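**Student:** The structure follows.
Quick note: the coordinates plus some simple rules give every number you see, no bench work behind them. None of these values were measured; they are calculated from a predicted model. Here Cβ is always computed from backbone atoms with ideal geometry, including for glycine, and neighbour counts include all displayed protein chains.
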Amino acid sequence: MSGRAAKAGLQAAGVAMVVLFGWMTYRYFDGRALLRHLAGLARHPADMAAAVFVYGASFWLRAWAWKQYVGKPIAFAVYWRGVLLSLLINHLVPVKMGDAARVAVLARQPGVSAAEAIESVAVMRLLDMAVLGGFAAAGVYVYMHRIPGLPLVGAAAAAGGALVLVMFRRPLRLERLWRRWRTVLQGRRGAEIAAAVAASWLCEAAVIGVIAKAVGIPLSFGQAVWANSAAVSGQIAQVVPGGIGTYEAVMAFALTRLGAPWEKAYAAAVLTHAFKFLFSYAAGAMVLLLWRSDWQMVRGVWKKERERR
């Protein structure tokens, strides 16, 4: 499948999920119920504070894993703010362009070339995809009692391969990358990087766990991990800022497979995504307040996205 065909297929899937979310909103939206659920969350500030802390820790772990992969004496704050700015931009523009912010932040550091920055960000994204895909596939087997079919596995492999070809064009060379991967990703260092990425996605599941409980959907930790992994995996078909519509549609579907009624599944998905939007804006604002020089970089990414339309 060509790159254009794959992109068109993802866009079509994204539009379909947005349409599905529109139907779900028409069918299940209940403003009073959402307000009741919000009031219920407000009555448990400790739980919400814990969710904010653990969710924030997930990005700290991704920044740490990224630093370990690069392996250069660069301050951790560089990676931390790169990850948070990426999160902000992904919630501001229709397509996932946050990785451009990560590349820009790292490439501005002494001793780091643009090629090295692109490579490191691409490898981190591939690790994210691998972990999420593993969690999502395991959940399909455990909670839906199905083994993911070969078409699904093939599609995931094709998506990963396409990403490699897109991200690793010249001046990056696959032979050099392969030698570097063998050096960095094997042994204890590689295990620590992979473990940090996996742990980051486990931490992110805390949000849906807390909110689903308030809505009346008691989830086990494993169920929360699967619902989160499925919803985030669906963001590959993002067509609107933050993946609005795609996230809620996949999350609600996953929760109903766990036995939740559609009304509660819809509410939990909407509130969870709203939480993540607020976090991304707050974290991004904090970074831009502390590092005002990053404003120009964010505006540059925004301008580039507008020119693509």
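**Student:** As an exercise, use a Förster radius of 22 Å and the Cβ-Cβ distance of R292 and A49 to find the FRET efficiency, rounded to the nearest 0.05.
**Tutor:** E(calc), rounded to 0.05, equals 0.20.
**Student:** Neighbouring Cβ atoms within 10 Å as the yardstick, rank L10, L88 fewest first.
**Tutor:** Neighbour counts put them in this order, fewest first: L10, L88.
**Student:** Anything over 19 Å Cα to Cα? Flag those among K67/K276; K7/K276; K7/K96, in the order listed.
**Tutor:** Flagged as over cut-off: K67/K276; K7/K276.
**Student:** Here's a follow-up. Give a residue-ordered list of calculated ³J(HN,Hα) values for segment 275-290 (Karplus: 6.51 cos²θ - 1.76 cosθ + 1.60, θ = phi - 60°; whole Hz; x for Gly, Pro).
**Tutor:** 4, 5, 4, 4, 4, 4, 5, 5, 5, x, 5, 4, 5, 5, 6, 7
**Student:** Continuing with this model, one more query. For D294, D30, D47, what's the fewest-to-most ordering of other Cβ within 10 Å of each Cβ?
**Tutor:** Placing the least packed residue first, the sequence is D30, D47, D294.
**Student:** First measure r as the distance between the Cβ atoms of F76 and Q11, then evaluate 1/(1 + (r/R0)^6) with R0 = 25 Å and state the FRET efficiency to the nearest 0.05.
**Tutor:** Approximately 0.10, to the nearest 0.05.
**Student:** Compute the distance in nm between two label points, each set 7 Å from the Cα along the Cα-to-Cβ direction, one at Q186 and one at A107.
**Tutor:** Calculated label separation equals 3.1 nm.
**Student:** I'd like the FRET efficiency for D30 and V142, computed as 1/(1 + (r/R0)^6) with the beta carbon distance as r and R0 of 35 Å, rounded to 0.05.
**Tutor:** Between D30 and V142 the formula returns 0.70.
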